[in-house]
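Data first, discussion second: the structure below is written as structure tokens.
The values are calculated or read from the model by the stated rules, or taken from the named source; none is laboratory data. Just so we're clear, the structure is a prediction, and the values are computed from it rather than from any experiment. Glycine gets a Cβ as well: all are built from the backbone with ideal geometry, and neighbour counts include every protein chain shown. The protein model used for the area step is the full one, side chains on, heavy atoms only, and it has no ligands, DNA or RNA in it. Shrake-Rupley method; radii C 1.70, N 1.55, O 1.52, S 1.80 Å.
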Amino acid sequence: MKCKKYGWALAGTVLLVLVLNLPAFAVPVVTSTVTDLGGGLYQYSYDLANPAGSAENLYDFGLFFTGDPSNVVSPSGWDAIFGSGFVDWFSTDIPYDLVAGSNLGDFSFESALGPTQISYSVVGYDALSGFDPDLLTTFSGTTVGPGVTSVPEPGTLMLLLAGGSGIVGL
């Protein structure tokens with residue numbers, strides 16, 4: 001009986017050690033700032049943070065939205081490709097990749113469209129094993145960027161109000 005008791009205790013300890021030794025899964029953080037430049041033009045600026053617990057080096061940051069970007073700015077050591085509905089920034093060389101515990105700003109562009117929720121993706125590779133195109137990790141989420149927000153057309157709004165007044169009994 002004593003042997004069985006210690007066997008379970010040992011198995012539990014081994015399992016606990018294995019679980020505690022799993023690498024932390026830290027997700028990159030994208031922070032946005034929108035500046036109204038006047039005349040129907042907005043500047044969208046972004047900071048990309050790679051948390052201290054991350055096992056990835058980040059080298060690609062893309063935004064997906066409506067409209068055409070202009071005046072695209074990249075941080076030092078990074079470049080960008082862009083077109084209708086996207087901007088993709090990428091590190092030009094491994095020393096410029098965003099390592100764990102660091103952040104990088106100066107990602108920006110302008111658009112005639114006002115702010116709404118848009119999608120982003122960040123791509124990284126394992127910091128210990130190095131860059132391997134077959135073993136990349138993609139993180140995705142939402143942030144603020146240019147787009148078209150849906151506003152009901154006047155006819156739809158009037159129907160909604162008429163229906164609401166009928167329910168209330170006015």
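Summary table
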{"item": "Within the stretch 115-135, tally of residues that are surrounded by 15 or more Cβ atoms within 10 Å (Cβ to Cβ) and not in a strand (DSSP E or B)", "result": "1"}
{"item": "Conditions (1) open to solvent by 50 Å² or more (accessible area, probe 1.4 Å); (2) of a type outside the set (Phe, Trp, Tyr); (3) over 14 Å from the mean Cα position of the chain (by Cα); number of the one not met by Ala100", "result": "(1)"}
{"item": "Candidates Thr138, Thr143, filtered to the one that is part of a strand (DSSP E or B) and either open to solvent by less than 70 Å² (accessible area, probe 1.4 Å) or without any contact (Cβ under 8 Å) to a residue 12 or more places away in the chain (or both)", "result": "Thr143"}
{"item": "Inter-residue pairs, beta-carbon under 8 Å, first in contact (Cβ under 8 Å) with a residue 24 or more places away in the chain and farther than 11 Å from Leu104 by Cα and in the stretch 47-58, second in a strand (DSSP E or B) and open to solvent by less than 30 Å² (accessible area, probe 1.4 Å), 6+ apart", "result": "Ser54/Gly124; Glu56/Asn50; Glu56/Gly124; Glu56/Tyr125; Asn57/Asn50; Asn57/Leu98; Asn57/Gly124; Asn57/Tyr125"}
{"item": "The stretch 103-114, subset over 25 Å from Asn50 (Cβ atoms) and not hydrophobic (A, V, I, L, M, F, W, C), residue surrounded by the fewest Cβ atoms within 10 Å (Cβ to Cβ)", "result": "Gly114"}
{"item": "Subset of the stretch 37-51 that is within 15 Å of Asn71 (Cβ to Cβ) and part of a strand (DSSP E or B) - its residue that is farthest from the chain's Cα centre (by Cα)", "result": "Gly38"}
{"item": "Members of the stretch 60-91 that are part of a strand (DSSP E or B), surrounded by 14 or more Cβ atoms within 10 Å (Cβ to Cβ) and of a type in the set (D, E, K, R)", "result": "Asp60, Asp88"}
{"item": "Output for the stretch 16-39, where each listed residue is modelled with pLDDT of 95 or more and surrounded by fewer than 14 Cβ atoms within 10 Å (Cβ to Cβ)", "result": "Thr31, Thr33, Thr35, Asp36, Leu37, Gly38, Gly39"}
{"item": "First in the stretch 78-102 and at positive phi, second anywhere and open to solvent by less than 30 Å² (accessible area, probe 1.4 Å) and of a type in the set (S, T, N, Q), Cβ under 8 Å, 6 or more apart", "result": "Gly101/Asn50; Gly101/Ser54"}
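Here is a yes/no grid of residues against (1) touching a helix residue (DSSP H, G or I) at 6+ places or on another chain (Cβ under 7 Å); (2) at pLDDT 95 or above; (3) among the β-branched types (Val, Ile, Thr):
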{"site": "Leu104", "(1), (2), (3)": "no, yes, no"}
{"site": "Phe107", "(1), (2), (3)": "no, yes, no"}
{"site": "Glu110", "(1), (2), (3)": "no, yes, no"}
{"site": "Thr116", "(1), (2), (3)": "no, yes, yes"}
{"site": "Ser121", "(1), (2), (3)": "no, yes, no"}
{"site": "Ser129", "(1), (2), (3)": "no, no, no"}
{"site": "Asp132", "(1), (2), (3)": "no, no, no"}
{"site": "Leu135", "(1), (2), (3)": "no, no, no"}
{"site": "Ser140", "(1), (2), (3)": "no, yes, no"}
